[in-house]
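Values quoted throughout were computed directly from the atomic coordinates according to the rules given, and no laboratory measurement underlies them. The model shown is predicted, which means the values in this text are computed figures rather than measured ones. Glycine also receives a Cβ, built like all others from the backbone with ideal geometry; neighbour counts cover every protein chain displayed.
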Amino acid sequence: MSNKKARTAYDPSRGPVGQIRQVLVEQAVADEPYTQRILARLGDIPTEIVADNEMFDQDLLGIDKDFATGLTKGKQILLLGRNRGRFLKACPATREYRCCDYQVLNIGMNCPMECVYCILQAYLNNPWLSFFVNTDDLFRELTEAFSAEPERVWRIGTGEFTDSLALDSLTCLSRELVSFMRDQPKAVLELKTKTDYIENLKNLEHNGRTIVAWSLNSPPIMQNEELKTASLDQRLSAAAQCAKMGYRLAFHFDPIIHHPGWQEGYRQTIKQLFEKVPAASIVWISMGALRFLPNLKSIATARFPNSGFFYNEFVLGLDNKFRYFRTLRVEMYKLIYEELKKYAATNTCIYMCMESDEIWQEVCGYTPEEDGGLATMLDRAAGLVE
């Protein structure tokens, strides 16, 4: 797919939901009012009610059994069903690297956008989009968790297994989440996205308990490796609008990818970020160098044969993911960290995701433990602790 076609396919008025060509509805939730509202917003897209034992039948859906090729069509199919497990879980982390104690709120699986490096390609076992309509259970679980540990501080995000706002023009879930979080004294919700769809965030009383976040990258990476996503200008314009609405913001340079001209590329993005977005509105900014599961390379290169960054040199890390060699990671982190420090407010937490104390010391000149630990640093930036 050419970059021009990918950009044309992105509809700013709805986010990336224009990719959806078919809808499957689990029989058990077909008559739910929430399901019916979503279907009404989808319009005349072909819809089929499926029994539980048919939901994962790739033959029935006409999806290639080869996951790499089946994923392209799978991303055009939306499954509305129930989450039969827990909604709220700790972020999957590795003890050998510094983790921020993030909690994941699982609202669905997969994403209609096409980032070449997306780890979900190697993580998921089903190729289609899914959204969990049993949101009453979601809010019940959150209420019970907050009540069971009233003194605990919570940082929660919906962007681990899907994009937080990619389907929001259909689901409008963000409005319910923002309203629910408004009255939580010891919790914040992070909505992380590569879209610019913020329509449902308007005219809400959020009380500063929702942080709206965007993934950013070097312009060549955003243009060539993040297909069917909002452009840099679109993302930053949306962020500036959210700042005017009083939302606090976050940004994630993850994955940082080594490519020709990477230094100027990341400098350019950082400069544009602070030209468009008030520094005082930014709660935290993360950095994370490209890391991937071993089987992602074969899947991604089969789907995106014109992409070349997977052919760089990597080493297998302690988390069983391939990473750039330490010297290259440090070089990239140092440049981006120093550029961010030029513009960022003093109370913005700039941190690295899943890196060792040795890397922290080399890049930042200190380790998280010297400042109370990474979780405390982020809690402090979010105003959850003193």
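In a simple Cβ point-charge model (Lys, Arg +1; Asp, Glu -1; nothing else charged), the stretch 246-326 has a dipole of about 100 debye relative to its Cα centre.
Charges were assigned to the Cβ only: +1 to each Lys and Arg, -1 to each Asp and Glu. The resulting dipole of the chain about its Cα centre is roughly 920 debye.
With contacts taken as Cα pairs under 8 Å and at least 6 residues apart, the stretch 175-311 reaches a relative contact order of 23 percent. Computed about the Cα centre, the dipole magnitude for the stretch 269-386 is approximately 680 debye when only Lys and Arg (+1) and Asp and Glu (-1) carry charge, each at its Cβ.
Taking a 18 Å limit on the Cα-Cα distance, which of the listed pairs 244/342; 192/228; 228/276; 75/194; 276/342; 297/321 fall beyond it?
244/342; 228/276
Between the C-alpha center of the stretch 223-280 and that of the stretch 314-386 there is a gap of 18 Å. The alpha-carbon of residue 186 sits under 21 angstrom from the alpha-carbons of these lysines, leaving out residues fewer than 8 places away in its chain: 89.
Arranged from fewest to most other beta-carbon atoms within 10 Å of their beta carbon, 303, 248, 41 become 41, 303, 248. Exposure proxy shown here: for 73, 89, 342, the number of other Cβ atoms within 10 Å sets the order, fewest to most, as 342, 89, 73.
Ordering 381, 306, 46 by Cα displacement along the dipole of the chain toward the positive end leaves 306 in first place; charges were set at the Cβ atoms of Lys, Arg (+1) and Asp, Glu (-1).
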